[in-house]
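> Below you will find the structure I want to go over with you.
The values are calculated or read from the model by the stated rules, or taken from the named source; none is laboratory data. Only a predicted model underlies this, so the values are computations on that prediction, with no experimental measurement involved. For neighbour counting, all protein chains shown are included, and Cβ atoms are generated from backbone atoms with ideal geometry for every residue, glycine included. Accessible surface is based on the protein model in full, side chains and every heavy atom, while ligands, DNA and RNA are left aside. Shrake-Rupley method; radii C 1.70, N 1.55, O 1.52, S 1.80 Å.
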Amino acid sequence: MAETDTPKIEKPMVLVVACALVDADGRVLITQRPEGKTLAGLWEFPGGKVDPGEVPEEALIRELHEELGIETKTSCLAPLTFASFSYEKFHLLMPLYVCRRFWGIPEGREGQALKWVRPNRLRDYPMPPADEPLIPFLTDLL
Ligand code: C5P
C-alpha cells in the first residue's frame with residue numbers, strides 16, 4: 001500500500017451510547033458488567049448499542065429504561081464527548097452524554113451492581129479501556 005492510500009477499516013464499527021447520570025450531589029452512576037458478559041466485573045457508564053434506525057439519544061433513553069428502570073428525555077441529554085477504541089474484533093465508537101434530570105430511582109434490572117461515585121474517585125473502579133479516557137471530561141465538568 002502506498003503511503004498516501006487510505007487504510008482499509010477491516011473491523012466492524014459498533015456504535016454504543018453511554019451516559020453519565022449525575023445526582024444532586026454531583027456524583028456519577030457507574031454500573032458493573034455482570035458475569036457472563038464480555039468484560040465482566042468492570043465498571044462502566046450505563047448505556048448500550050444503538051439499534052438500526054435509532055439516533056443515539058433514542059437508544060440511550062431506551063437503554064436507561066431497560067437497564068435501570070428510569071425515564072429521561074432528549075432535552076435532558078447533553079453531549080459531552082465520545083470514546084473511540086479498537087477492540088480485537090470491532091472498533092467501538094461511543095458518544096457520552098451527561099444527564100442531570102431523570103425520573104425514577106436507578107436499579108440494576110439486569111443484575112448489575114450500581115454505584116454513585118464522586119468524579120475524582122472514578123479511577124478507583126476498573127473500567128473497560130474505552131470508558132477510562134472519558135473520566136477527565138467528567139472531572140473537568142463536575
Ligand atoms: O454492553 P454490550 O456488551 O452490548 O456492549 C458491546 C461492547 O461494547 C462490549 O463488549 C464492550 O467491549 C464495549 N463497551 C464498552 N464500554 C461500555 C459499553 C460497551 O467498552 N460502556
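> Which of the residues belonging to segment 86-112 are open to solvent by 40 Å² or more (accessible area, probe 1.4 Å), within 16 Å of the ligand (Cβ to nearest atom) and either closer than 19 Å to residue 22 by Cβ or out of contact with any Phe, Trp or Tyr (no Cβ under 8 Å at 6 or more places or on another chain) (or both)? Lay out the reasoning, then the answer.
First, the residues of segment 86-112 that are open to solvent by 40 Å² or more (accessible area, probe 1.4 Å): 86, 88-91, 93, 100-105, 107, 109-111.
Those left that are additionally within 16 Å of the ligand (Cβ to nearest atom): 86, 88-91, 93, 109-111.
Once the filter is applied, which keeps residues that are open to solvent by 40 Å² or more (accessible area, probe 1.4 Å), within 16 Å of the ligand (Cβ to nearest atom) and either closer than 19 Å to residue 22 by Cβ or out of contact with any Phe, Trp or Tyr (no Cβ under 8 Å at 6 or more places or on another chain) (or both), segment 86-112 yields 86, 88, 89, 90, 109, 110, 111.
> Exactly one of (1) more than 14 Å from the ligand (Cβ to nearest atom); (2) free of Cβ contacts under 8 Å to residues at least 60 places away in the same chain; (3) in contact with a Cys (Cβ under 6 Å, 6 or more places away or on another chain) is unmet by residue 52. Its number?
(3)
> Here's a follow-up. Take the residues in segment 127-138 that are within 12 Å of the ligand (Cβ to nearest atom) and either among the aliphatic types (A, V, I, L, M) or in a loop (DSSP other than H, G, I, E, B) (or both), then tell me which one is surrounded by the most Cβ atoms within 10 Å (Cβ to Cβ). If you could, list the steps in order and put the result at the bottom.
Looking only at segment 127-138, we keep the residues that are within 12 Å of the ligand (Cβ to nearest atom), and these are 127-134.
With either among the aliphatic types (A, V, I, L, M) or in a loop (DSSP other than H, G, I, E, B) (or both) added as a condition, the list becomes 127-131, 134.
Numbers: 127: 19, 128: 18, 129: 13, 130: 22, 131: 24, 134: 20.
Per the stated criteria, the residue is 131.
> Here's a follow-up. Quick check on my filter: what residues within segment 72-110 are in contact with an Asp or Glu (Cβ under 6 Å, 6 or more places away or on another chain) and part of a helix (DSSP H, G or I)?
Correct list: 74 only.
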